[in-house]
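Q: Supplied in structure tokens, the structure appears directly below.
The values are calculated or read from the model by the stated rules, or taken from the named source; none is laboratory data. Keep in mind the model is a prediction, meaning the values are calculated, not measured. Positions of Cβ are backbone-derived with ideal geometry, glycine not excepted, and every protein chain shown enters the neighbour counts. Ligands, DNA and RNA are stripped out before the accessible areas are found, and what is left, the full protein with its side chains, is counted by its heavy atoms. Shrake-Rupley method; radii C 1.70, N 1.55, O 1.52, S 1.80 Å.
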Amino acid sequence: MARGNFSRVTEFILLGLSDRRELQVLFFTIFFLAYTMVLLGNLLIIVTVRTDPKLSSPMYFLLCNLSFIDICCTSVTAPRMLVDLLSRRKAIVFEGCIAQLFFLHFVGSSEMFLLTVMAYDRYTAICKPLHYTVIMSRWACWVLVCSCWAGGFLHSITQTLLTIQLPFCGPNTIDSYFCDVQPVIRLACADIYVTEWLMASNSGLISLGCFLVLVTSYTLILVSIRGRLTQGHWKALSTCTSHVAVVTLFFVPCIFIYLRPFCTFPFDKYVCVIYTIFSPVMNPVIYTLRNNEVKESMRRL
């Protein structure tokens with residue numbers, strides 16, 4: 001297929017995390033165990049929340065959705081990476097690369113918005129307890145979750161459209177283990193100055209904006225309960241601590257990667273492992289080990 005005087009690239013070659021066979025076997029073992037933990041841990045949370053009537057509060061409804069998004073987010077990159085670690089030629093067709101890029105940003109940005117909603121839920125529960133059931137009604141929760149998915153779709157379709165309108169005529173080697181916006185558009189046979197600024201403004205500012213909202217909400221929570229820590233406040237504070245751990249693990253690498261137009265480092269692909277693999281692994285661990293209600297429900301289940 002031709003575009004002007006150029007032949008279009010039909011596939012990309014993924015260099016992966018390493019070309020050393022012994023490291024590839026090690027990485028396969030680590031990431032296979034991590035992916036298994038993501039699937040089993042998050043599925044256990046979903047089943048527990050869905051089957052226990054005691055876990056019907058908005059917090060657990062949002063947690064159930066977070067577990068589903070974590071499964072989707074990891075499944076976009078992990079299966080392909082595991083196969084490539086055992087393959088000699090790590091090729092992905094152009095359409096598959098674009099699809100991976102789309103779904104990664106779709107579920108990734110949806111998770112950012114959902115974590116922001118979860119912080120708002122905790123703020124409302126702690127700072128406005130008398131109005132909590134009205135503000136965070138079941139209908140309001142569904143509207144917020146659907147808004148997260150809609151926002152993720154709009155973000156992702158924007159990134160995808162900006163990418164596919166570029167001409168790709170070679171080279172076709174991506175120094176990563178998955179297709180993402182930055183490494184893909186740098187292979188385009190065109191000036192990408194404006195495109196990089198648009199994408200950094202999109203992905204980078206969304207990551208930074210959501211993170212600042214989260215930090216602000218947790219700061220307001222700490223200020224509101226300062227000096228009057230009852231047993232209920234200690235429990236809420238423990239929950240917020242778990243949320244902060246997840247937020248830090250997820251947002252800091254995203255901000256580092258996506259808020260840097262025209263700048264890449266060789267270790268970027270290792271930073272991506274944090275939010276594509278290890279952050280979804282930590283969610284079920286943090287939310288179950290620090291939550292007695294979930295642990296009791298799992299024992300009964």
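Q: What net charge is computed for the residues neighbouring residue 18, neighbours being all others with C-beta under 13 Å from the C-beta of residue 18, Lys and Arg scored +1, Asp and Glu -1?
A: Counting the neighbours of residue 18, the net charge comes to 0.
Q: Next question. Any aspartates and glutamates with Cα under 15 Å of the residue 90 Cα? List them, leaving off those in the same chain fewer than 8 positions away.
A: Excluding near neighbours in sequence, the set is 11, 19, 175.
Q: Could you work out how far apart the two model spin labels at residue 44 and residue 161 are, taking each label as a point 7 Å from the Cα in the direction of the beta carbon, and quote it in nm?
A: It is 4.3 nm.
Q: If you add up the charges near residue 83, with Lys and Arg at +1 and Asp and Glu at -1, over every other residue whose beta carbon is less than 12 angstrom from its beta carbon, what do you get?
A: +3
Q: Percent relative contact order of the chain, based on C-alpha pairs within less than 8 angstrom and at least six residues apart?
A: So the answer I get is 27 percent.
Q: Within the chain, which is the longest segment that contains none of the trypsin sites (Lys or Arg not before Pro) sitting in a DSSP loop with at most 11 other Cβ atoms within 10 Å?
A: On the way: sites that count: 20, 88, 89, 226, 228.
My reading of the result: 90-225 is the longest stretch.
Q: Return the single residue from 281, 38, 213 with maximal mean-square fluctuation; model: Gaussian network over the chain, springs between Cα atoms under 10 Å.
A: Result for the chain, Cα springs under 10 Å: 213 fluctuates most.
Q: Leaving ligands, DNA and RNA out of it, rank 181, 252 by accessible area with a 1.4 Å probe, largest first.
A: Numbers: 181 5, 252 70 Å².
Solvent-accessible surface, decreasing: 252, 181.
Q: When Lys and Arg each count +1 and Asp and Glu each count -1, what net charge do the other residues less than 15 Å away from residue 145, Cβ to Cβ, add up to? Each step should come with its number before you reach the end.
A: On the way: positive: 50, 138; negative: 70, 111, 121.
Summing Lys and Arg as +1 and Asp and Glu as -1 gives -1.
Q: Pick from 32, 102, 211: which is most flexible by mean-square fluctuation in a GNM of the chain where alpha carbon atoms under 10 Å apart are linked?
A: Highest fluctuation among the options: 32.
Q: Let me ask another. How big is the charge dipole of the range 11-299 about its Cα centre, in debye rounded to the nearest 20, if each Lys and Arg gets +1 on its Cβ and each Asp and Glu gets -1 on its Cβ?
A: Values: 20 positive and 16 negative charges, 178 e Å.
Dipole size: approximately 860 debye.
Q: Could you tell me what percent of the accessible area of the range 47-140 is made up of carbon and sulfur, with a 1.4 Å probe and every protein chain present?
A: 67 percent
Q: Here is a follow-up. Once ligands and nucleic acids are excluded and a 1.4 Å probe is used, how much of residue 43 is accessible, expressed in Å² to the nearest 10?
A: Using a 1.4 Å probe on the heavy atoms, I get roughly 90 Å².
Q: What figure, in Å² to the nearest 10, do you get for the accessible area of residue 282 with a 1.4 Å probe and non-protein molecules left out?
A: 70 Å²
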